[in-house]
Amino acid sequence: MYEKVINASYDPIFIADKDGYGIKMNEAYTRVTGITEDQLIGRHLKDVVKDGIISESVSLKVLKEKKQVTIIQHVNGKELLVTGNPIFDDKGNVSHIVTNLRNISALKSLEAELSRTKELANKYLQEIKIYQKKEDMISHEGVIANSRQMLNVINLVQKITPFNSTVLLLGESGVGKEVIANLIQKWSTRSNKPFIKVNCAAIPKELIESELFGYEKGAFTGADSRGRPGLFEQAHTGTIFLDEIGEMPLQLQGKLLRVLQEFEVTRIGGRRTIKIDVRVISATNKDLESLVKRGEFREDLYYRLNIIPIKIPPLRKRQEDIPLLANYFLDQANQKYHLNKQLTDDALLAMKAYAWPGNVREMQNLIERLVITTEADDITASHLPFSNQTAFVPQPIQKKMKEVLQDIEREMILKAISEYKTTRKAAEVLGISQSALVKKMQRLGI
Ligand SMILES: Nc1ncnc2c1ncn2[C@@H]1O[C@H](COP(=O)(O)OP(=O)(O)OP(=O)(O)O)[C@@H](O)[C@H]1O
């Protein structure tokens, strides 16, 4: 019976007796080692080693040491991992040694294969990392920034996130102040704490105080009879974003200043002060300094808010971001409407030349509109509402004359280059020398 079991085993088995003679081996043993019965069975293992059939005998070692022994054996050019197990009789003497073995040459080649695969995986990982790094350089948690100015903004954000310092975001409407506020919150240690956004311009003036600071029960008619915590209290342990801070009514600015200095609030109609731990980010598209000069904004509050000012430049001052943002919004709109529209090069050039008074928001809205309304798959310059010279209608309040002239120069040059391809031809059409054109292009950053 035991012979049948041994022969049925897929794994090689060899049995030696207590005197070191081979007495049994199965077919798997011959399959793996190439050793036949006549070389091993009935022979003393010392002789088998002497004849060079096996390099070393594990059975003899087990007989000597009276315990399990594992060795590496070389047989017929194969490397084998051989384990011998003693079988003891009733008196505790070794009666037989059962040996099994595994071909580790195969394992070794698997190992080599594995390490090759690992190497390859590592190579791909590195490539992906480089690619991701490139992507990260452009998109920072969904904030597209590739221009030097915006990368400076992102760097500054990275520097300040570990601290709870008060931040004031400055920039024209639609430049991305809120996206930067979101980024500060996301990268800060308070990222999983409350993030309360307050648009000071959207709340009726008479309600701002109760919204921000809350009220006790019976504080005024129409109030919730149980009283209510204000937004500052709701932001406790987290961040409060005061958008359009320039719209804060003058009579409330004193109270806001006290909250920011003491970090405690008193609800309307209440007497107790409530301690709050909040990080304050505020934003405005107004020139707060002139508001201060005109007496419309408290100077002390301005200084309290302006601890870390971050200026976000208008889109026309960071033209490198324009194609990236345009394609980013194009992808978004394509996904939203299950379309596959493309922006042609001349459309991107025209976009680069445009002044974008409504900044990134204007671009986002325009691209979404174009994706829906353009019949063809390609969105070209002719589809853009500003490609017919409407781009640089001077906006005397927003721009200096020099800037407007530069914008016009830039647009004319970009148009000429895109139409005539070479600076020589473009210069001829524009009526200036080629070297003057090249100089102008350098000055305008084209
Ligand atoms: N760098 C950017 N990357 C990706 N999207 C952006 C970027 N800047 C702005 N946006 C998008 O443009 C729109 C306007 O941005 P945001 O609301 O942050 O501007 P804002 O300066 O806060 O405007 P406002 O002063 O009118 O409140 C948003 O939909 C925002 O997602």
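The values are calculated or read from the model by the stated rules, or taken from the named source; none is laboratory data. Only a predicted model underlies this, so the values are computations on that prediction, with no experimental measurement involved. Virtual Cβ from ideal backbone geometry, glycine too; neighbours counted across all protein chains shown.
Restricting attention to region 71-108, the residues that are acidic (Asp, Glu) and either buried (at least 17 other Cβ atoms within 10 Å of the Cβ) or in a strand (DSSP E or B) (or both) add up to 1. Annotation: Gln132 fulfils all but one of (1) modelled with pLDDT of 85 or more; (2) not in a strand (DSSP E or B); the unmet one is (1). For the condition within 16 Å of the ligand (Cβ to nearest atom), of a type in the set (Gly, Ala, Ser) and touching a residue at least 12 places away in the same chain (Cβ under 8 Å), Ala326 qualifies. Among the residues of region 339-367, those identified as closer than 16 Å to Asp378 by Cα, touching a residue at least 40 places away in the same chain (Cβ under 8 Å) and away from the ligand (no atom under 16 Å from the Cβ) are Asp345, Asp346, Leu349, Ala350. For region 1-30, the candidate set comprises residues that are among the basic types (Lys, Arg) and either touching a strand residue (DSSP E or B) at 6+ places or on another chain (Cβ under 8 Å) or modelled with pLDDT of 90 or more (or both); within that set, the residue that is nearest to Asn100 (Cα to Cα) is Lys24. Taken as a whole, the condition of being within 19 Å of Leu325 (Cβ to Cβ) and modelled with pLDDT of 85 or more applies to Ala350. Look at (1) surrounded by 13 or more Cβ atoms within 10 Å (Cβ to Cβ); (2) more than 20 Å from Glu27 (Cβ to Cβ); (3) within 55 Å of the chain's Cα centre (by Cα) and you find that Lys61 fails only one, number (3). For region 292-321, a residue qualifies if it is in contact with a Ser or Thr (Cβ under 9 Å, 6 or more places away or on another chain) and among the aliphatic types (A, V, I, L, M), and the qualifying residues are Leu305, Ile307, Ile308. Considering only region 237-260, state which residues are of a type outside the set (Val, Ile, Thr) and within 16 Å of the ligand (Cβ to nearest atom). Residues satisfying the conditions are Phe241, Leu242, Asp243, Glu244, Gly246, Glu247, Met248. Here is the figure for region 37-55: residues that are assigned to a loop (DSSP other than H, G, I, E, B) and in contact with a strand residue (DSSP E or B) (Cβ under 9 Å, 6 or more places away or on another chain) total 5. Set side by side, the residues Lys311, Lys336 differ, and just one is within 16 Å of the ligand (Cβ to nearest atom), surrounded by fewer than 18 Cβ atoms within 10 Å (Cβ to Cβ) and at pLDDT below 95, which is Lys336. Here region 261-294 is the region considered, the condition is being small (Gly, Ala, Ser) and touching a helix residue (DSSP H, G or I) at 6+ places or on another chain (Cβ under 8 Å), and the residue that is nearest to the ligand (Cβ to nearest atom) is Ala283.
What are the residues in region 158-183 that are of a type in the set (Val, Ile, Thr), under 14 Å from Val280 (Cα atoms) and within 12 Å of the ligand (Cβ to nearest atom), if any?
Residues of region 158-183 of a type in the set (Val, Ile, Thr): 160-161, 166-167, 175, 179-180.
From the residues that got through so far, the ones that are under 14 Å from Val280 (Cα atoms) too are 160-161, 166-167, 180.
Ile180, the sole residue that qualifies.
Residues are listed down the side, and each one gets a yes or a no for (1) in the same structural domain as Met412 (by TED's automatic domain parsing); (2) touching an Asp or Glu at 6+ places or on another chain (Cβ under 6 Å); (3) of a type in the set (S, T, N, Q):
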position	(1), (2), (3)
Pro323	yes, no, no
Ala326	yes, no, no
Asp331	yes, no, no
Asn334	yes, no, yes
His338	yes, no, no
Gln342	yes, yes, yes
Asp345	yes, no, no
Leu348	yes, no, no
Ala353	yes, yes, no
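Residues in region 184-215 that are outside any strand (DSSP E or B), surrounded by fewer than 17 Cβ atoms within 10 Å (Cβ to Cβ) and within 12 Å of the ligand (Cβ to nearest atom): Ala201, Ala202.
Counting only helices (runs of 4 or more DSSP H) that sit completely within region 251-362, those holding 3 or more residues that are in contact with a Pro (Cβ under 8 Å, 6 or more places away or on another chain) correspond to 345-353. In this structure, is Glu289 surrounded by fewer than 15 Cβ atoms within 10 Å (Cβ to Cβ) and modelled with pLDDT of 95 or more? Against the criterion (surrounded by fewer than 15 Cβ atoms within 10 Å (Cβ to Cβ) and modelled with pLDDT of 95 or more), Glu289 does not qualify. The number of residues in region 406-445 that are among the small types (Gly, Ala, Ser), assigned to a helix (DSSP H, G or I) and surrounded by fewer than 17 Cβ atoms within 10 Å (Cβ to Cβ) comes to 3.
Whether a residue is assigned to a helix (DSSP H, G or I) and either modelled with pLDDT under 90 or among the polar types (S, T, N, Q) (or both) was assessed, and Ser59 passes this test. Taking the criterion of being outside any helix (DSSP H, G or I) and near the ligand (Cβ under 9 Å from one of its atoms), the residues of region 142-157 that qualify are Gly142, Val143, Ile144, Ala145.
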